Every structure is written in C-alpha cells, then in structure tokens.
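Taking it in order: structure first as structure tokens, then the write-up.
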Amino acid sequence: MWDRFSGNGGSKTASRGLRAVDDLTAAVLATLSDHVAIVDGEGNLIAVNKAWKSYDCECGDRGLPRSDVGSNYLEACEAAERAGAGGFEGAALGLQAVLAGSRPHFSLTYLCHTPTGEWWFRMTATPTGSPPDGAVISHAAVGEPALAGEAPPVAAIASVETGEPLLRALTENVAKTIGARFAFLSEVVDRRFERLRLIALWSGEGFEDSFEYDLRGTPCQDVLRGELCVYPANVQELFPDDAWLKEIGAKSYLAIPLYSSAGEVIGHLGVIHDQPLDTLSFAEHVLRAIAAQASPELERLRLVRALQKSERTGQALLNAPLDSAILLEPDGTITDLNDVAAVRLGTTAEEAVGSNVFDLLPLELAATRRTAMAKVLTSRKPLRMEDERPGMHFETSVYPVLNPDGDVESVAIFASDVTARKVAEEEVTLQARVLESMSEGVIACDADAKILVTNPKFDEMFGYERGELINQHASVLNAEPPEENAQVLEGIQTQLEQVGSWRGEFNNIRKDGTLFTTSAHISALEVSGKTYLISVQEDITERKQAAEDLRLSAQRNASLIDAIPDMMFTLDRRGVYLDFVPAQGHEPYISADEFLGRTVSEVLPAALALDIMRSVELALDTGRQQEVAYELDVDGEKHEYEARILKSKEDEALAIVRDVTAAKRLEREEQLRRARDELEGTVEKVMLGKNPYGLTFREFTVLHLAADGESDKGIADQLGISTFTVSKHVANILGKMAAASRTEACVRALREGLLS
C-alpha cells in the first residue's frame, strides 16, 4: 500500500497533503506496476506506491532523484541533473511547468543503471486539479536493456511539448539517430486497418504535410498486423504496387507497430532509406526505444481527442434538443443548464449559473416547481408532469441525482415544449372526426392495394362492419371481371404517375351482392418513402338514374322545342345574353356568336335595349310576364317581333321571341281587304242612288278615299293598285266633275251628298 508520512518524521506540509489522498485513490494506484508518486504544489512527495519504493532502491544509489515521502522531488531532480545522471536533464524544468499550470503534461526518456543492467525508463508528470495543486509522477521501463558499452541510442526528449509536437520531435529523432532519409509516425483511422493518417513525415530537410493513405499493397499493411517489419533492401521490388516507394527512390524499410495500453495496434513508427540498411540491430533498438515513448503519447493524444470530441458531442447533444435541461442544487441553485433553458428563463447560461431558478420563474410556475422539487427530494423518485401556459404546452420531468449514500445531491429538470405535438394530436383528432363525419366514403390502401383505413360511411356504403375490410384486397369491392378490373387499375396507375390523381366512376359490389356505382377521386400520397392511395367515393346510383331520366326528358323536350317557331334567350339582371335556342326556320337579329356573353345595350338599338331591360327588371322583381313588341331591320327588310319576358331563376329571365312579320302582313292585308270591301259596298250604295257625273265604281272608291284624306300611296295600298293608276283615276274624276283640284272635287261631292 501507500507509504504515508506520519508524525515520526517529515514536514507538516506532507502531513496535510497525505490527508488529501483518499483511500480509494490509494487503493487503485497501489495496484499499478509503474513507479508512481504524488507531489503537492511545491513539489513535496506526499505519497508513493510499493513499486516506487522498489524503483528507489534500484536506482537511488546511482545519481537519480531520491524519493522519500516528505522530501522535495523538485530539489531531487535538480540534484540529479547537476550530477549528470543518465540524461535526466530538463526533468526539474518540466515538473515545474506542470506544477505552475503552464504545461498540461511532461515526459522524459532516460537511461537507468539497475542491478540487472541498463534500462530505458520514461518519466511522466501529470497535474492534479485545475488549477494544479500537485502532480502525479510515474517512472516506467520502456525499453530492453542497453547493449554493454553502447552509448544511449536516442537522445532524451526533455521538451515539455506534448501531443503532435512531441510525436514529430520523436520522428525527427528516429531519422537522425538511425541516419535514414525518411521517418514517419502514423495512426490508425479505421477499425478495419485499411487506412492510416501520417502524423509526422520527416524527409531529411523538414516535415512534409500530413495525409491519409490506403494500406493495401504497402509494407505498412504487415506492420499493423502487429509485426516488426524489416526490408533491408529491394523494398520496391517486394511491393511493386506502392507508387510512393518508387517516387522517393526507397531501397530499405523498417517499421514497428505502436500499441495502446490495452495491447491494441494504434499506429506505427518507421524509417525508409534510399540506401540498404546495414545496421539493422542498431536501427531496431532505436525504433523500439522511441516507440516505447511514442506509444503512450499517441494513445494519450487519441484519448484527448476522443475526450474533446465527447465533450463537444455532449455539449452539442445538450444544446441540440428543443428540451430545456437544468441541473439544480436541492435549494434551487442552478449549477448547469443548456442554451434552450437559458433562453426560456430570459437570460444566458453564464448569467444563470449560481442563480436560484425560482427567482427566474413566474410566481405561479415557481410555486408548482417548488412543490415538484419537494416531492422528488422526499421520495427520491423521478416525477413527470404537464402544464399549460398561454398558447404553449410543456412536459416536465424531474430526476433526483443520488450520491453514494442514496441522498439527493442535485436535481435534473428536463422541460419539453410539446406545443407542436399537442397541436398535431388535436389536428389528428379533428381529422379523425372529420373523416368519421364525412358523407362520402374514404378508403386508404398501400401500393399493393391492401386496405389500411376506411371511414364509417365507406363501410356503410359497401355493407361491411367497422374494421371488416381492413387488410383485405381492394378488388373485393369491384364488380368488374378480373381482366377488365386489371385494365382499369392500369389506367389509374398511369394517370397517378403522370398527374398524381384520378377521377372517374367504379362499378362496385356490396357485401350482400348488390351492384351500385360510385364516383371516385384517387390521389397518391408519399409518406416516409412509401406510397399510399387515398380514395374518396360517393354512391351515385340514384343520381345516374335520375340523370338518365333527365336525359330522356331533355331529349323529348328538345324535340318539342325544335318544333316551336319561337327563339328563346336567357338573360341575367345585367342584360347579358347567357344562352340561346334558335327557332326553326327563323334566324336571330345577328348570329349567336356575336351576342352571347354581351349585353342587350351592346346588341340592340338604344331605345329598344332600354325597353327590354325595363321589362327584364320588372319580370325579375314582380314575377309577372312582360310583353314587348318591336321592329328590327334584318338584311335590309323590316321585321316585326313580339317578346314575352318571364322570370326563370332568381336573377335570370327567359325571353321568348317570335318573328311576327308575316303574320302582321297577313293581318294588315286582311284589314285592308275588309276596309276595301266595306268601302266598295258603300260606294255601290251611293252609285245606286246619285251619280250625276257618270263616275265609275273604281272612281267613286278613289273619291271616297281621297275625301278621307288618303294620299295616292295610301289609296294604292288599300286598293292594291299602283300610284300611277290612282293618279289616272283622280284625273278622270276631275275631268268628269269639271273640278280644278281633288280638294274641290271632294268638297263638291260632300256638299251634293254624293259621299256618305
């Protein structure tokens, strides 16, 4: 066990230092085979292990530092340097740098004269505490016994540098000591031992840039199998695929694996020379000596990197989640927290550490957190709770951190903002309710047409119980024969791939065998790399039957409409022509292409358009039919029309228009015929009574019409004769009555009672 300083000798400083070495540390270090000791901040030895005392006995009488507990090891190192003991120069300086906190590590390789021969040893010094309040010092044998009478093969590296600078210095030392053109030190970068990264590559004049390379076809591949590889000559011929060996003109190669403390190969150290190696024994001895120093430093460097990466990863993991994480003392004092927690507390991590978390929380929230903390401190069990704040939801977990005695020494609190999840859950619930309440049937299938989801309406539509269709193939719903169904599915799949959706109709079969038709809309949905088909369907069996009935009715109505000699126009309240049905044998005022979509005022003369719009508004507002008669010139001829305007929809009117030109002409002709017959009858009666001037029947008729104020044209229209004939009759009348004008003739005839 440890040789502790007691009251029987030594200084009070060492006594105080001994109390700082706990039993657990002493028990662990006592098992180490290396010679280990602990010094305080002033360099006083406060504890040593059993192996250290053995080292002291073997080396202490040969000029190396004495190591009695209570003595000052710095002074012992300085004394050894002054005595020129075994290359121990720089030991005191390195230890002082470690104790001062200016260097994180110190190592020194030296030759030790022991009763069994001369051995290479490595001294290391590592600080304890931050800032350092002492150091752990170890001496370990790192090389085989030196050859009798042979000078130390490798100069001692007394630099206080560590890590890659130290490894580069060792590599340079190898090259210069052996006299090789190149020296290198590498580390393994993959578990399969297929690639290496050169940490140091000495080329005789300086260091080359580091790089990674593939081991296949190189002599380095054999080294990583755990073998010392020696190729004293012709190395290029032995490894023809290694282009770098040719590039540098290599003739010989010597390398040794570097091991971790667990015996795992972590890299290799070697030399390449442009001449054959003659001093193989000497070179091998040098490699082994420096490898013994390089191996632990490489392992330490890799561990430091791993620790730094672990710390970075840990900090990243701590800050990466959206959860806030806080570590508290039992009284609520913050000892650590992540950035998310700091932001939620309205501060920074640096400012929050040392504050009381309850002082940073709203009063109501602080009260609930105090209660939760008290429960955890009492029960020593984790507690999980949920709380809701305006617009936010949180899940909080409180974990006790127990010391070895089972008491709560700190409390870890993790608070997750689950607002998005809660909102998503509510949305899912809402979507489920919407799905259940839909009047259409909804089905979801995977890419193989296996049914995954149906809503209640779909099950009802197809006559199945809830859940009965799940995991069945969608083909159980189709009424088409398999070959036709396959063609339909192929067409659907093609359209889905092209546009992402499909609309159409399905002929389906219910569970009880009845057939029916649905309209369907299918869309493809990608979720986590999987394709799902969502179909919304509606039973349109009755609608299709009604549509067929309507089609037949419309066909009959169309036949009737085609036989009606009326044009039909649909107009809205603004007077826009919406639709038009032509009349058989009658053309509209202008072609349909010219008036559909335009307003009445854009198509008809202004006065007529005003009458039409007034009638449309009256029909829409009162619901009573309006009638309009009007004339239009069509192809140079005057046409007469009669329009009946009635309300068809809320803001649409139907105008039924008939061309009455021919009918009106017949009506007028009939009126003229009747007037002529009546006039001729009157004339005939007069002629039977008085006719002193010998007027003919036609002349009497013309005289009657002239006396009524008719012009020659009016007389011609009524009698169906030309105006020239009328003028001839007038001339005859004036001659027979010896009248100077038609007026005189008419007045005399009235005065004499010739006209009734």
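The values are calculated or read from the model by the stated rules, or taken from the named source; none is laboratory data. In this text the structure is predicted, and so the values were computed from the model without any measurement. Cβ coordinates were reconstructed from backbone atoms using ideal geometry, including for glycine residues, and neighbour counts include every protein chain displayed.
Residue by residue through region 166-196, note down the ones that are closer than 17 Å to THR218 by Cβ and hydroxyl-bearing (Ser, Thr, Tyr).
Hit for region 166-196 is SER186, nothing else.
Which numbered condition trips up LYS309, out of (1) farther than 28 Å from VAL408 by Cβ; (2) at pLDDT below 85; (3) of a type outside the set (Phe, Trp, Tyr); (4) surrounded by 13 or more Cβ atoms within 10 Å (Cβ to Cβ)?
(4)
Return the residues of region 113-129 that are among the hydroxyl-bearing types (Ser, Thr, Tyr) and at pLDDT 70 or above; say none if nothing qualifies. First the steps, then the outcome.
At the first step, the residues of region 113-129 found to be among the hydroxyl-bearing types (Ser, Thr, Tyr) are 114, 116, 124, 126, 128.
THR124, THR126, THR128, listed by residue number.
Scan region 573-606 for residues that are polar (S, T, N, Q), surrounded by 13 or more Cβ atoms within 10 Å (Cβ to Cβ) and either not in a helix (DSSP H, G or I) or not assigned by TED's automatic domain parsing to the domain that holds SER648 (or both) and jot them down.
The answer is THR599, and nothing else.
Report yes if VAL142 is under 60 Å from the mean Cα position of the chain (by Cα) and modelled with pLDDT under 65, otherwise no.
For VAL142, the condition - under 60 Å from the mean Cα position of the chain (by Cα) and modelled with pLDDT under 65 - is met.
I'd like the full set of residues that are assigned to a loop (DSSP other than H, G, I, E, B) and of a type outside the set (A, V, I, L, M), limited to region 342-377.
In the first step, residues of region 342-377 are kept if they are assigned to a loop (DSSP other than H, G, I, E, B); the result is 345-348, 353-355, 360-362.
Answer for region 342-377, where residues must be assigned to a loop (DSSP other than H, G, I, E, B) and of a type outside the set (A, V, I, L, M): GLY346, THR347, THR348, GLY354, SER355, PRO362.
Given (1) more than 16 Å from ASP459 (Cα to Cα); (2) surrounded by 12 or more Cβ atoms within 10 Å (Cβ to Cβ); (3) modelled with pLDDT under 90, identify the lone condition not met by SER528.
(2)
Looking at region 241-290, which of the residues that are under 51 Å from the mean Cα position of the chain (by Cα) and in contact (Cβ under 8 Å) with a residue 60 or more places away in the chain is farthest from VAL223 (Cα to Cα)? Before you say what the answer is, go through the steps one by one.
Residues of region 241-290 that are under 51 Å from the mean Cα position of the chain (by Cα), as a first pass: 241-245, 247, 257-269.
Then drop every residue that is not in contact (Cβ under 8 Å) with a residue 60 or more places away in the chain, which leaves 258, 265-269.
Details: LEU258: 9, VAL265: 9, ILE266: 11, GLY267: 9, HIS268: 7, LEU269: 9 Å.
Step by step, filter region 241-290, then rank; the result is ILE266.
Which numbered condition in (1) more than 30 Å from GLN493 (Cα to Cα); (2) exposed (fewer than 12 other Cβ atoms within 10 Å of the Cβ); (3) in contact (Cβ under 8 Å) with a residue 40 or more places away in the chain is the only one that GLU364 fails?
Only one criterion is unmet by GLU364, namely (3).
Taking the condition assigned to a loop (DSSP other than H, G, I, E, B) and either farther than 18 Å from LEU258 by Cα or within 51 Å of the chain's Cα centre (by Cα) (or both), does GLU205 pass? Let's see the steps before the verdict.
Values: assigned to a loop (DSSP other than H, G, I, E, B): yes; either farther than 18 Å from LEU258 by Cα or within 51 Å of the chain's Cα centre (by Cα) (or both): yes.
Considered against the rule, which asks whether it is assigned to a loop (DSSP other than H, G, I, E, B) and either farther than 18 Å from LEU258 by Cα or within 51 Å of the chain's Cα centre (by Cα) (or both), GLU205 comes out as yes.
Among residues belonging to region 419-441 that are at pLDDT below 80 and surrounded by 14 or more Cβ atoms within 10 Å (Cβ to Cβ), point out the one that is farthest from ALA325 (Cα to Cα).
For region 419-441, the residue satisfying everything is LEU435.
Would you be able to tell me the number of residues in region 702-749 that are at pLDDT 85 or above, exposed (fewer than 13 other Cβ atoms within 10 Å of the Cβ) and of a type outside the set (Lys, Arg)?
Here the count works out to 10.
If you check TYR253, TYR213, which single one turns out to be surrounded by 22 or more Cβ atoms within 10 Å (Cβ to Cβ) and of a type in the set (Phe, Trp, Tyr)? Step through it out loud before you land on a result.
Working: TYR213 fails: surrounded by 22 or more Cβ atoms within 10 Å (Cβ to Cβ).
Residue meeting the stated conditions: TYR253.
Looking at the structure I just gave you, is SER71 surrounded by 15 or more Cβ atoms within 10 Å (Cβ to Cβ) and at pLDDT 75 or above? Break it down stepwise before answering.
Values: surrounded by 15 or more Cβ atoms within 10 Å (Cβ to Cβ): yes; at pLDDT 75 or above: yes.
So SER71 fits the description; yes.
Checking the condition part of a helix (DSSP H, G or I), outside the structural domain of ILE522 (by TED's automatic domain parsing), free of Cβ contacts under 8 Å to residues at least 24 places away in the same chain and not aliphatic (A, V, I, L, M), which residue from GLU490, GLU484, GLU427 passes?
Sole residue among the options that is part of a helix (DSSP H, G or I), outside the structural domain of ILE522 (by TED's automatic domain parsing), free of Cβ contacts under 8 Å to residues at least 24 places away in the same chain and not aliphatic (A, V, I, L, M): GLU427.
Go through region 215-292 and tell me which helices (runs of 4 or more DSSP H), entirely inside it, have 3 or more residues that are more than 13 Å from PHE184 (Cβ to Cβ) and outside the structural domain of GLY179 (by TED's automatic domain parsing). Before you say what the answer is, go through the steps one by one.
Numbers: elements: 220-223, 235-238, 243-247.
Correct list: empty, since no element meets the threshold.
So, in region 355-368, of the ones that are touching a strand residue (DSSP E or B) at 6+ places or on another chain (Cβ under 8 Å) and over 16 Å from ASN338 (Cβ atoms), which residue ends up modelled with the highest pLDDT?
Filtering first and then ranking leaves ASN356.
In the list VAL401, VAL442, VAL411, VAL476, which residue meets the criterion of being in a strand (DSSP E or B) and within 21 Å of LYS511 (Cβ to Cβ)?
VAL442
Within region 619-656, which residues are among the small types (Gly, Ala, Ser), more than 16 Å from VAL600 (Cα to Cα) and either outside the structural domain of PHE580 (by TED's automatic domain parsing) or over 60 Å from the mean Cα position of the chain (by Cα) (or both)?
If the condition is that a residue be among the small types (Gly, Ala, Ser), more than 16 Å from VAL600 (Cα to Cα) and either outside the structural domain of PHE580 (by TED's automatic domain parsing) or over 60 Å from the mean Cα position of the chain (by Cα) (or both), then GLY636 is the only one that fits.
Across region 381-416, what is the number of residues that are of a type in the set (A, V, I, L, M) and more than 18 Å from LEU327 (Cα to Cα)? Spell out the reasoning first.
So in region 381-416, the residues of a type in the set (A, V, I, L, M) come out as 383, 385, 392, 398, 401-402, 408, 411-413, 415.
From what's left, more than 18 Å from LEU327 (Cα to Cα): 392.
So the answer is 1.
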